[in-house]
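First comes the structure, then the notes that go with it.
Just so you know, all these numbers are worked out from the coordinates, no wet-lab data involved. Given the structure is predicted, the values throughout are model-derived calculations rather than measurements. FYI the Cβ positions are ideal-geometry reconstructions off the backbone, even for glycines, and counts take in every protein chain you see.
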Amino acid sequence: MELAQVRLLVVDFRGCYRFYRDVLGLTPQFDAEDGPYAKFSPDGGSAGIALQERRHMAQVLAELTDEPTGHRSLVVLRVDDIDRYCDEITARGAELAHGPAPMTDRMRVAHVKDPEGNLVELQEWLVLRE
C-alpha cells in the first residue's frame, strides 16, 4: 500500500488553490484554479496534497454537508530550514498560527492555516531517527 495523496474538501477552492501554489510554493500537477480538483506535489515527495470542492464530494457522499465544522485535517510538510521557509511564506501572505518552535528534542514546527482553516504543520527534523 502506498499513500497517493491527502485530499482536503474545501469550500473556497480558488483561495485554497492559490494558498498552496502561491504561498506555500507547491507545484500543481496541472492548471486547475477553478476546480473542482487539483493535486500538488511537494519537492522530493511521492505523495501529494489534493484539493476537491466540498460540494462536489457532497454530491457523491450524501452524509457530507457543504460546510465543515471544526478542524478536520492536518497536512504535514517537512522542510530543511523552517526559519527560512517561514520567512518566505509570511512574505507571500501566510500568517503563522504557531512557531517556529521546538516540538520535541528531534524537531521544530510551525503551523499555518489555509483559507479554509485547515491546519498545515511545517516540520524541520533536527535529529533523524535511527
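Derived from the Cα gyration tensor, the three semi-axes of the equivalent ellipsoid of region 7-55 are 17, 11, 9 Å, largest first. Each Lys and Arg adds +1 at its Cβ and each Asp and Glu adds -1 at its Cβ; summed about the Cα centre, region 5-125 shows a dipole of about 220 debye. Evaluating 6.51 cos²θ - 1.76 cosθ + 1.60 at θ = phi - 60° for every residue in region 76-82, the Karplus couplings come out as 10, 10, 8, 10, 7, 9, 5 Hz, glycine and proline recorded as x.
Taking R0 as 25 Å, what's the FRET efficiency between Ala91 and Met57 from their Cβ-Cβ distance, rounded to 0.05? Don't jump to the answer; show the numbers that get you there.
Details: r = 33 Å, r/R0 = 1.33.
Working from the Cβ atoms, E equals 0.15.
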